[in-house]
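The values are calculated or read from the model by the stated rules, or taken from the named source; none is laboratory data. Source: prediction; values computed, not measured. Note that we place each Cβ from the backbone using ideal geometry, even for glycine, and neighbour counts take in every protein chain shown. Surface accessibility is based on the protein's heavy atoms, side chains included, excluding ligands, DNA and RNA. Shrake-Rupley method; radii C 1.70, N 1.55, O 1.52, S 1.80 Å.
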Amino acid sequence: MRTQDFTYELPEAAIAQAPVEPRDAARLLVATGLADHRFRELPALLDPGDLVVVNRTRVRAGRLRGRKPDTGGAVEVLLLDVDATGAWEALVRPARRLRAGAVVEFPGASATLEDDPDHGVTRLRFDLDPGALDDLLASAGEVPLPPYFHGALADPERYQTMFAKSLGSAAAPTAGLHFTPQVVAGLGERGVALTEVELRVGVDTFRPIASSTLDEHQMHSERYTVPAAAAEEIAAARRRGGRIVAVGTTVTRALEAAALPDGTVAARSGATDLFIRPGYRFRVVDRLVTNFHVPGSTLVVLVAAFMGPGWRRLYETALARRYRFLSFGDATLLDRAP
């Protein structure tokens, strides 16, 4: 499959540059029937017995601004994940001017690149113990807003979902940004259950597919956790005939990564590089709440795999009706294709 088959024309004016307030006032386009709603109406669009699954991850203030000691050139670092040795996977720029062994200095600390950057991704090792690095992030780290967002947030918490608990993501699971306590209460009143999983959002959120075909794309690995309580909730929903409603592509990947051949979900933690594309057989997720995504990204490919070729008409309709796109934009509710 060609990457260009998953691109579309996204006008700059369609990219949301400010979040909607209140959060649940965002628009919601229901793919079946292409009906317009507000996100606060989500409970009424689901059925009693359904189960909504959200991502509880929290965005780390992992963007650091440093300098090269030899030239004074500015370097921006986005920390993605730390391995067992204490080295950090990181997105760096300008990557073309950095090589293995280069040193980047920050206020009161420095880090050394252990690898040449590959599409901007490298490994960094800090001259600090973990506690001191936490202090550096607390004092100098920034919450990394998406590169296409040129606005400003008066409150950084606006880029966290109401479910955010477990620190470790490089970006927010944006479909969850629309939820409010009122929406959650409405789900309960409707007889719709809610449970939480975790997937730590990584670098694939930030970049489109660089290869000309999907087969050539190497999916970035991300950590996920499906707690025992979530696995039990999913099994209970199946027994009562309810549908599994994933809030976001991150939840979808976590649930499908933890799925067993019979469609049940195991309680597990691990890492997944699952690349969901057309032809993938979904075993868990029945409905998907998600935002409108960057052209040519793995997220658009996942949407196409989930709902079929109708994804293009959905996106064309959203653009024609002036829906707001990307992280602070509006949402859509999809049904899985047969």
Item to check | Filtered trypsin sites (Lys or Arg not before Pro), the stretch 82-129: DSSP coil and at most 15 other beta carbons within 10 Å | outcome: ARG99
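Roughly to the nearest percent, how much of the accessible area of the stretch 21-93 is carbon and sulfur, given a 1.4 Å probe?
C and S atoms contribute 51 percent here.
For the stretch 2-42, what does the accessible surface come to per residue with a 1.4 Å probe? Please give it in Å².
51 Å²
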Item to check | Extension gain (nm, one decimal) between ARG67 and ALA337, 0.36 nm per residue minus Cα-Cα | outcome: 92.2 nm
Item to check | Placed amide H near VAL75: partners under 5 Å, 5+ positions off or other chain | outcome: GLY66, ARG67, LYS68
Checklist outcome for this item: In a Gaussian network model of the chain with springs linking alpha carbons closer than 10 Å, the residue among LEU319, LEU46, LEU133 that fluctuates most is LEU133
Checklist entry - So how much accessible area does SER269 have, in Å² to the nearest 10, using a 1.4 Å probe? => result 80 Å²
Checklist entry - So what does THR249 come to for accessible area, using a 1.4 Å probe and Å² rounded to 10? => result 10 Å²
Item to check | Choice from ALA193, ALA74, ALA258 with maximal GNM fluctuation in the chain (Cα, 10 Å cutoff) | outcome: ALA74
Checklist entry - Just how much of TYR8 is accessible, in Å², when a 1.4 Å probe is used and the result is rounded to the nearest 10? => result 30 Å²
Checklist entry - How big is D, in µm² s⁻¹, for the stretch 177-279 by Stokes-Einstein at 10 °C and 1.306 mPa s if Rh is the Kirkwood radius over C-alpha pairs? => result 104 µm²/s
Checklist entry - Averaged over all directions, how much area does the convex hull of the C-alpha atoms of the stretch 112-263 cover when projected, in nm²? => result 13.0 nm²
Next on the checklist: Through the Karplus equation 6.51 cos²θ - 1.76 cosθ + 1.60, θ set to phi - 60°, convert the phi angles of the stretch 176-188 into ³J(HN,Hα) values in whole Hz; use x for Gly and Pro.
Outcome noted: x, 5, 7, 6, 10, x, 5, 5, 4, 4, x, 4, x
Next on the checklist: How far apart, in nanometres, would the label points at ASP262 and LEU34 be if each is projected 7 angstrom from Cα along the Cα-to-Cβ direction?
Outcome noted: 4.2 nm
Checklist entry - If we restrict to alpha carbons, what Rg and Dmax does the chain come to, in Å? => result 20.1, 65
Checklist entry - If you rank ARG322, ARG2 by how much accessible surface each has, with a 1.4 Å probe, what is the order from largest down? => result ARG322, ARG2
Item to check | Solvent-accessible surface ranking, highest first, for ASP127, ASP47 at 1.4 angstrom | outcome: ASP127, ASP47
Checklist entry - How about the stretch 241-295: which trypsin sites (Lys or Arg not before Pro) there lie in a loop by DSSP and see at most 13 other Cβ atoms within 10 Å? => result ARG281
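What part of the accessible area of the stretch 271-331, given as a whole %, is carbon or sulfur when the probe is 1.4 angstrom?
That share works out to 47 percent.
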Checklist entry - Using a 1.4 Å probe, what is the accessible area per residue for the stretch 214-327, in Å²? => result 39 Å²
Next on the checklist: Accessible area of the stretch 161-235 with a 1.4 Å probe: how many percent of it is carbon plus sulfur?
Outcome noted: 51 percent
Checklist outcome for this item: If one builds a Gaussian network model of the chain from Cα atoms under 10 Å apart, the most fluctuating residue listed among PRO278, PRO11, PRO144 is PRO11
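By per-residue mean of other Cβ atoms within 10 Å, what is the highest-first order of 25-36, 326-337?
Per-residue mean Cβ counts within 10 Å order the peptides as 326-337, 25-36.
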